[in-house]
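One structure below.
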Amino acid sequence: MNGSFTPKAKKIWEAIAGDIQIKILNNVWCVHCRKGSSMGNLTGKIESGMLVLRGTCTKCSGDVARVIENE
């Protein structure tokens, strides 16, 4: 993790296996590049009961996000 996470978001993120975290971060859609990319400068918080990861596209530095739904 290289950004700021709320305590609850950090707990949920850290409960996800490392290999799955990498797959999540390496599979984001960038509306600026119009293609799949990776996410850097990661932050996380809980919104509507779901983990929301926000960061920047590693190709163009545009804003990207991923929502991790509860199981």
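Only the coordinates and a few stated rules stand behind these numbers; no lab work does. Quick caveat: nothing in here was measured; it's all calculated off a predicted structure.
The distance separating the Cα centre of the range 2-22 from that of the range 24-71 comes to 13 Å.
Taking a straight line from the alpha carbon of Lys10, these lysines sit under 21 Å away, with near neighbours fewer than eight places off in the same chain left out: Lys23, Lys45. Just so you know, the Cα atoms of the chain work out to an Rg and Dmax of 11.6, 33 Å.
Were the residues from Lys35 through Thr6 laid out at 0.36 nm apart, the gain over their Cα-Cα distance would be 7.5 nm.
For the range 17-66, averaging the sequence separation of C-alpha pairs within contact (under 8 Å, six or more residues apart) and dividing by the residue count gives a relative contact order of 31 percent.
Under 17 Å of direct C-alpha separation, and excluding same-chain neighbours fewer than eight residues apart, Lys35 reaches these aspartates and glutamates: Asp63.
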